[in-house]
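Would you mind keeping the following structure in view while I ask a few things?
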Amino acid sequence: MRPGLFGNGLRNAVLRQDVPAGLAVAAVALPSAIAYPAIAGLPPVVGIYSSIVPLVAYAVFGPSRRLMVGPDAATMMMLSATLTSLTIPGDRVLAASAIAVMVGLFCLAARLAHFGVVANFLSRPILVGFMAGTSLSILAGQIGRVTGVKLHAERILPPLFEVVARWAEINWLSLLLAVAMFVLLQVLRGTRYPGPVVVVVVSIVLSALFGFDKLGIAVVGTVPNTLPTLSMPAFHALPFKALVLDSGGLFLVSFAAGIVTARSFGAVAGEDVDPDRELVGFGAANIVNGLFGGFPITASDSRTAINLSSGGTSQVAGLVAAAALAATLLFLGGALALLPIPALGAILVSAAISLIDIPALRQLWKISRMEFGFAIITATGTISFGVLNGVVVALFATLAYLVIKSMTPREALYGRIPGRDGFYKLHRHADARPVPGLTLVSVEGSVVFYNADSIRERLEAIARQAPKDARWFVLDASTTPHVDSTAAEMFGRLRTDLAACGVTLGFAELHTEVRRLLRAAGVLQSIGKDMLFDDIEEIEPALRRKTAGAPDDDG
């Protein structure tokens, strides 16, 4: 259990922020909780259960103070495909619950394997771009809610084109209500009044007074009034192999989407995110949810956005949201049935706009056009292909860029500056001069299979351009942290090629692992101990002794 959750977290100052934030999260969570199960052919009440139970489990076992968990569109779409592919003789709800438990077990197993390290590949540009893309996706998702038009298109531009093409179907009262509630949210921003909660209350009162449902304004409608109960998932009804494989795929989707959401909102809130600890939180939330009749869940970007924009400071907000949803099921179904959908759309629009980090994008543009490009790729991919696919596209673009950059690591030549100690890079210091008889060069990066040949060609070119008296060619290996067997073979060829030209190859300041690998490959033995130097300052005295014909001590 996280320290402070039921101690410092319940101070009055925290309650003043977390209770309204939790109520706002519950208000926004309900419509999606009712809608998402339909994607997988499940009853609406299961979505509400999956919005209550995971919040409690994550509040106890999860590490983040502000992250909200619940149903996710990408996870629901994959769950739908999984349930469709499996032969299910019994209840789809019990099958979905079994998959949720399996996803949770995969999370815990991944925690033991330190699988969270893959989250380190999510760079700042990817996180900033993801937030922008997610925010725009949330905005696009509200077009139908605020206009009252049931749209079929998805992503960003298609819904806009569709609503323009069907402008005659727009319910202008819905749009007017959404605009009014959005303006109210902006007026209340920065005040001590919780904007989303005020909007929910005001819109329900207006709905009751003017009969919004009779005016064509969509409302939440009937809400079931039963709480989730403990039940055994139908593991026996599913083919074990298919269950494991499909649950593994769902785990990858939910973890990828969840950890991107966690790190993105963590960056916004100034909190560090430990992916391995998040796996424990996600695992507990899925297992408990499955045992209470729910389906696989992950971090929810829209609910977390509402929590942040409403000032939530701890998981007390999650517990309040869970309690509010439970109370809604039992006592407030009649009132909540009147809640107009356009008001909820306005809340999400306000939250989404606040999460587009324009200053961060501007800073990336100023620092690195390439990293700004990665942010745009992530945002575009998230909008065009969905959360997981968008991040995968950005990751591949980033890794491809890193591979291309590492294929051509820089080399640097070193020399002396008269009257000063140490070696200096010749291209940085105009008064630096090569040491007579010596070419001292460094490769600033790892030497591995995909860049070994090009590095050898450049090193041989440097040797050809060196003065004729430079009979020693020494690599300062302090800037080469890693080599592989291909690189070892390349160094052997380099030694042979240089020797044919009367030049002797040497190494200085080899890292321990590099030394071990080159020794195992026989490269160091062929070079000889007298051409291996622990410090580059040892090279020049050894060269002078060699030139003078004196016996070398030991190298």
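Rounded, prolate or oblate: which fits segment 407-493 when a ≥ b ≥ c are the square roots of the eigenvalues of the alpha-carbon gyration tensor, with rounded for a/c under 1.5 and prolate only if a/b beats b/c?
prolate
Return the sequence-ordered ³J(HN,Hα) values of segment 443-460 in whole Hz as given by the Karplus equation 6.51 cos²θ - 1.76 cosθ + 1.60 applied to θ = phi - 60°, using x for Gly and Pro.
Here the 3J(HN,Hα) series is 9, 8, x, 6, 10, 9, 4, 8, 10, 4, 5, 5, 5, 4, 4, 6, 5, 5 Hz.
Okay, next question. For Thr229 paired with Asp453, estimate the spin-label separation in nm (one decimal), with each label point 7 Å from Cα along the Cα-to-Cβ line.
It works out to 7.0 nm between the two label points.
Karplus couplings for segment 178-185 from phi (6.51 cos²θ - 1.76 cosθ + 1.60, θ = phi - 60°), rounded to Hz, Gly and Pro as x?
Listing the rounded values in order: 4, 5, 5, 5, 5, 4, 4, 4 Hz.
Still on this model: Highest mean first, how do 317-329, 133-145 rank when packing is the count of other Cβ atoms within 10 Å averaged over residues?
Packing proxy ranking, top to bottom: 317-329, 133-145.
Would you work out the relative contact order for segment 221-308, in percent, from Cα pairs under 8 angstrom that are 6 or more residues apart?
That works out to 41 percent.
What fraction of the DSSP beta bridges in the chain is antiparallel, stated in percent and rounded to the nearest 5?
Approximately 45 percent, going by the DSSP bridge assignments.
If we count every other residue with Cβ under 11 angstrom of His429's Cβ, Lys/Arg +1 and Asp/Glu -1, where does the sum land?
So the environment of His429 carries a net charge of +4.
I would also like to ask the following. Give me, ordered by chain and number, the residues 5 or more places off Gly293 or on other chains with an amide H under 5 Å from its own placed amide H.
When sequence neighbours closer than 5 places are left aside, the close amide H contacts are Ser231.
Then there's this: Rounded to whole Hz and in sequence order, give me ³J(HN,Hα) for segment 143-153 from the Karplus expression 6.51 cos²θ - 1.76 cosθ + 1.60, θ = phi - 60°, writing x for Gly and Pro.
After applying 6.51 cos²θ - 1.76 cosθ + 1.60, I find 4, x, 5, 7, 9, x, 9, 7, 8, 9, 6 Hz.
Across the chain, how many lysine pairs separated by 8 or more positions, or lying on different chains, have Cα atoms within less than 22 Å?
Total qualifying Lys-Lys pairs in the chain comes to 6.
Follow-up. Going by average Cβ density within 10 Å per residue, which order do the peptides 504-512, 236-244 take, highest to lowest?
Ranked by mean Cβ neighbours within 10 Å, highest first: 504-512, 236-244.
Please give the length that would be gained between His152 and Thr191 if that part of the chain were fully extended, namely 0.36 nm times their separation in residues minus their C-alpha to C-alpha distance (nm, one decimal).
My answer for the length gained is 10.3 nm.
Let me ask you something else. Full extension from Asp272 to Phe396: what is 0.36 nm times the residue separation minus their Cα-Cα distance, to one decimal in nm?
42.2 nm is the gain from fully extending Asp272 to Phe396.
Name the residues whose placed amide hydrogens come within less than 5 Å of the amide hydrogen of Val219, ignoring near sequence neighbours (fewer than 5 apart) on the same chain.
Ile341
Which value in deg cm²/dmol, rounded to the nearest 500, describes the helix-derived mean residue ellipticity at 222 nm for the chain, given -39,500 (n - 2.57) per DSSP H run of n ≥ 4 and division by the residue count?
That calculation yields -19500 deg cm²/dmol at 222 nm.
Specify whether the C-alpha gyration tensor of the chain places it in the rounded, prolate or oblate class, a ≥ b ≥ c being the square roots of the eigenvalues: rounded for a/c under 1.5, otherwise prolate if a/b is larger than b/c and oblate if not.
prolate
First measure r as the distance between the Cβ atoms of Val201 and Met77, then evaluate 1/(1 + (r/R0)^6) with R0 = 35 Å and state the FRET efficiency to the nearest 0.05.
That gives a FRET efficiency of 0.55.
Using R₀ = 56 Å, calculate the FRET efficiency as 1/(1 + (r/R₀)^6) where r is the Cβ-Cβ separation of Glu444 and Phe210; round to 0.05.
The pair Glu444/Phe210 has a calculated efficiency of 0.20.
Using only the Cα atoms of segment 187-258, build the gyration tensor, take square roots of its eigenvalues as a ≥ b ≥ c, and label the shape rounded, prolate or oblate: rounded if a/c is under 1.5, else prolate if a/b is larger than b/c, else oblate.
Prolate, because a/c is 1.5 or more and a/b exceeds b/c.
For the chain, build the charge dipole from Cβ charges (+1 Lys, Arg; -1 Asp, Glu) around the Cα centre, then report which of Ile353, Ser231, Val273 sits farthest towards its positive end.
The Cα lying farthest towards the positive end belongs to Ile353.
Could you work out how far apart the two model spin labels at Ala35 and Gln363 are, taking each label as a point 7 Å from the Cα in the direction of the beta carbon, and quote it in nm?
The modelled label-to-label distance comes out at 3.3 nm.
Full extension from Thr408 to Asp534: what is 0.36 nm times the residue separation minus their Cα-Cα distance, to one decimal in nm?
42.7 nm
Counting pairs of alpha carbon atoms under 8 Å apart in space and at least six apart in sequence, what relative contact order in percent does the chain give?
Once normalised by length, the contact order is 22 percent.
None of the figures in this text is laboratory data; all of them are computed from the coordinates on show. As the structure is a prediction and not an experimental result, all values here were calculated from the model. Methodologically, a virtual Cβ is constructed for each residue, glycine included, from the backbone with ideal geometry; neighbour enumeration extends over all protein chains shown.
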